[in-house]
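Only the coordinates and a few stated rules stand behind these numbers; no lab work does. It should be emphasised that the depicted structure is a prediction, and the values quoted were computed from it without experimental measurement. Here the Cβ positions follow ideal geometry from the backbone for every residue, glycine too, while neighbour counts run over all protein chains shown.
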Amino acid sequence: MTRRGLLIILSSPSGAGKSTLARRLMAWDSTMQFSISATTRAPRPGEEDGREYYFRSRAEFEAMIEAGEMLEHAEVFGNLYGSPKAPVAEATARGTDVIFDIDWQGGQQIRNSSLSEDVISIFLLPPSIAELENRLRTRAQDSDEVIAGRMQKSRDEISHWAEYDYCLVNRDIDTTEADLISILTAERLRRTRQPALVPFVRDLNAEFEERST
């Protein structure tokens, strides 16, 4: 292993492109993995435990929270959702980057967790509110009522942009993808994320000593 893996937090209001960009990052580097959440909701047809979600009972999920085994968690429409710490810690320890497609609240919890030193947080902004609404309508997946709710929630989400390490305006998906790749390439090369540098520099100093004798 030449470096520790990163916890890559991608957040944005719905429709700003984070899911598409997360998929593109994983296509760019197939060694990355997407964080699998745990949930108390029942599996849907075709879903498998450990693939789409880790399916747990409420008692099991609450026990994981109590034991400090969750990086982040929240209750949504009566079900608990969250990111188990163990698989993420194992991945980063072997040098694998893990992508989180989560909101600002989940990102805040992860940034305050025991794995905070490996976190890189990126917020994606739409080029305009009008374009954000247009993208939601173009998807043709939601009713007008649902879209209105998403737009209302977007204002609160955007208000947290300054809490992130990086903030990109997603005017063009290809340009934003290139910017994300540049960010990750630079972050991977940080001195503090390259443990192999310490023995390497030690060997360089040993060479100096050999040359001076």
Original post:
Which angle between 0 and 90 degrees, to the nearest 10, do you get for helix 197-212 versus the longest principal axis of the chain when only C-alpha atoms count?
Top reply: 10 degrees
Subject >> Integer Hz, Karplus 6.51/-1.76/1.60 couplings in order for the stretch 77-84, x for Gly and Pro >> reply: 6, x, 10, 8, 9, x, 10, x
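If you count the DSSP beta bridges with both ends in the chain, what percent of them are antiparallel, to the nearest 5? Write down the numbers at each step before the final one.
On the way: 8 of 26 bridges.
Beta bridges within the chain, antiparallel portion: roughly 30 percent.
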Subject >> Check: the chain dipole with +1 on Lys, Arg Cβ and -1 on Asp, Glu Cβ, in debye >> reply: 220 debye
Subject >> Computed over the chain: relative contact order in percent, which uses C-alpha pairs under 8 Å that are six or more apart >> reply: 31 percent
**OP:** Mind grabbing the base-10 log of I(q)/I(0) for the stretch 89-157 at q = 0.13 Å⁻¹? Debye formula, identical points on the C-alpha positions, no solvent, two decimal places.
**Re:** -0.54
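Sort 13-19, 198-204 by the packing proxy (mean of other Cβ within 10 Å over each peptide's residues), most packed first.
Those peptides, ordered most packed to least, come out 13-19, 198-204.
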**OP:** With Kirkwood radius over Cα pairs in Å defined as stated, name the option among [x] 17.2; [y] 17.8; [z] 19.1 computed from the structure displayed.
**Re:** [z]
Subject >> Glu62-Ala178 pseudo-label distance in nm [points 7 Å out on the Cα-to-Cβ vector] >> reply: 5.2 nm
Original post:
If amide H atoms are built 1.01 Å from N in the plane of the peptide, which residues on other chains or at least 5 residues away come under 5 Å of the amide H of Leu6?
Top reply: Asp97, Val98
Subject >> the stretch 54-180, relative contact order [Cα under 8 Å, separation at least 6], % >> reply: 21 percent
